[in-house]
1. Being within 23 Å of A:PHE148 (Cβ to Cβ) and away from every other protein chain (no Cβ under 14 Å): is that true of A:VAL17 here?
2. Might you check whether a residue that is part of a loop (DSSP other than H, G, I, E, B), aliphatic (A, V, I, L, M), under 19 Å from A:VAL54 (Cβ atoms) and touching a strand residue (DSSP E or B) at 6+ places or on another chain (Cβ under 9 Å) occurs anywhere in the range A:143-160?
3. What's the number of the condition B:LEU47 fails, among (1) surrounded by 13 or more Cβ atoms within 10 Å (Cβ to Cβ); (2) within 20 Å of B:LEU166 (Cβ to Cβ); (3) of a type outside the set (Lys, Arg); (4) within 13 Å of chain A (Cβ to nearest Cβ)?
4. Those residues that are in contact (Cβ under 8 Å) with a residue 40 or more places away in the chain and either buried (at least 24 other Cβ atoms within 10 Å of the Cβ) or within 10 Å of B:THR60 (Cβ to Cβ) (or both), I need them from the range B:20-35; list them, please.
5. Within the range B:108-142, restricting attention to residues that are assigned to a strand (DSSP E or B) and at the interface with chain A (Cβ under 7 Å from one of its Cβ atoms), which residue is farthest from B:PHE51 (Cα to Cα)?
6. So if I check each of A:ASN42, A:ASN59, A:ASN72, which one is out of contact with any strand residue (DSSP E or B) (no Cβ under 6 Å at 6 or more places or on another chain), polar (S, T, N, Q) and more than 30 Å from B:GLY150 (Cα to Cα)?
7. What are the residues in the range B:157-177 that are within 9 Å of another protein chain (Cβ to nearest Cβ) and crowded, with 16+ Cβ neighbours inside 10 Å, if any?
8. If only one of A:ASP40, A:ASP52 is farther than 17 Å from A:LEU129 by Cα and of a type in the set (D, E, K, R), which one is it?
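Throughout, read-outs are computed from the coordinates displayed, never taken from laboratory work. Treat the numbers as computed from the prediction; the structure is a model and nothing was measured. Please note: Cβ atoms are built from the backbone with ideal geometry, for glycine as well, and neighbour counts cover all protein chains shown.
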There are 2 protein chains.
Amino acid sequence: MGMEKQKLVKTRFIAFVATSIDGRIAESGKSGTDWTSKEDWNFFQRLLKKFDAVVVGHNTFRVAKDHIKRRNAIVLTSKVHKIKTKGRAVFFNPEKSSLKRFLQSKNYKKVAILGGAKVYDFCLRNKMLDELYVTIEPYVFTAGVPMFSGVKFKKYKLLLQSTKKLNKSGTILLHYKNQ
Amino acid sequence: MGMEKQKLVKTRFIAFVATSIDGRIAESGKSGTDWTSKEDWNFFQRLLKKFDAVVVGHNTFRVAKDHIKRRNAIVLTSKVHKIKTKGRAVFFNPEKSSLKRFLQSKNYKKVAILGGAKVYDFCLRNKMLDELYVTIEPYVFTAGVPMFSGVKFKKYKLLLQSTKKLNKSGTILLHYKNQ
């Protein structure tokens, strides 16, 4: 009888971002998203039901805990050395073990990347961002947390799939695929 | 015979921005915009013909000098103490005199704000931004110069006028009005 290698699922990573026109996702790392439209919220909640798990940073988890705790959440943090479970949340240090392999071992097929800026950047850099939904609310913030917090400038080319107006106040939703 | 106050024109300020999906307008203050599409360039050049003058920062002027020198350009800079003219360019320190009044005295009715980040922010803060055209090229940069370089977070609400797909690569053009 031969050994058989376990066949792992291929996880699909889909990121969701709500942003101002000028690419800011929050005033600071500790502030919420009370400025986003209810139409974006509805779109997002409806889509989220189809996901096996969400990936968030520690700040995003704290700010959105009430919404996230009902879901399988992987909370990225440098504060733990090994995996720590608390309710349905798993605190995970991606510098210590492979996030991709962990999600595969859980058999997660669809994972939602919910930010913040460091998490988006981490996922993009590590080929864990297959699609990107960007909701642009009609504001300019001029300061605040930028959408991606990369250390180095790099040109990632994406493919626009669709654009959609979500409401009369001028919220628009863009959908991109990563090549 | 009574004294008559000179009637000044009301200048209309329209800003043009080319940005990545994540709200970055350049790698650094000294880099150009070789990543923008030719469709955006065509749109922009066609519209620019209808303007009386352009307002740019010193870096933007240096990078785009060849295109700007044929136009009436007001170059914002802290390096001059009084107005300095060089060809069709006027070097102007907006901390020393009122830019708005200067443009009115020139009888400019339509002025294009071409950036960079500090100039966009200055104009928005000083009520010199009536409309905003944002071209989103299908890239994520993760780092670089953000669209507006404000010191303080502030929520400016704009009104979406239209969205348009400029080409097959997924460049889109958003047009906003400031309230």
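1. Values: within 23 Å of A:PHE148 (Cβ to Cβ): yes; away from every other protein chain (no Cβ under 14 Å): no.
So A:VAL17 does not fit the description; no.
2. Pass one, the range A:143-160, residues part of a loop (DSSP other than H, G, I, E, B): A:143-144, A:147-155.
From the residues that got through so far, the ones that are aliphatic (A, V, I, L, M) too are A:143, A:147, A:151.
From what is left, the residues that are under 19 Å from A:VAL54 (Cβ atoms) are A:147.
Imposing the further condition that a residue be touching a strand residue (DSSP E or B) at 6+ places or on another chain (Cβ under 9 Å) reduces the set to A:147.
There is at least one residue in the range A:143-160 that is part of a loop (DSSP other than H, G, I, E, B), aliphatic (A, V, I, L, M), under 19 Å from A:VAL54 (Cβ atoms) and touching a strand residue (DSSP E or B) at 6+ places or on another chain (Cβ under 9 Å).
3. Condition (4) is where B:LEU47 drops out.
4. Those that are in contact (Cβ under 8 Å) with a residue 40 or more places away in the chain and either buried (at least 24 other Cβ atoms within 10 Å of the Cβ) or within 10 Å of B:THR60 (Cβ to Cβ) (or both): B:SER20, B:ILE21, B:ASP22, B:GLY23, B:ARG24, B:ILE25, B:ALA26, B:GLY29.
5. Residues of the range B:108-142 assigned to a strand (DSSP E or B): B:110-113, B:131-136, B:139-140.
Next cut, at the interface with chain A (Cβ under 7 Å from one of its Cβ atoms) only: B:134, B:139-140.
On the way: B:VAL134: 17, B:TYR139: 29, B:VAL140: 31 Å.
Taking the candidates together, the pick is B:VAL140.
6. Details: A:ASN59 fails: more than 30 Å from B:GLY150 (Cα to Cα); A:ASN72 fails: out of contact with any strand residue (DSSP E or B) (no Cβ under 6 Å at 6 or more places or on another chain).
After ruling out the rest, the residue left standing is A:ASN42.
7. Listed by number, the residues that qualify are B:LEU158, B:LEU160, B:THR163, B:GLY170, B:THR171, B:ILE172, B:LEU174, B:TYR176.
8. Values: A:ASP52 fails: farther than 17 Å from A:LEU129 by Cα.
Answer to the selection: A:ASP40.
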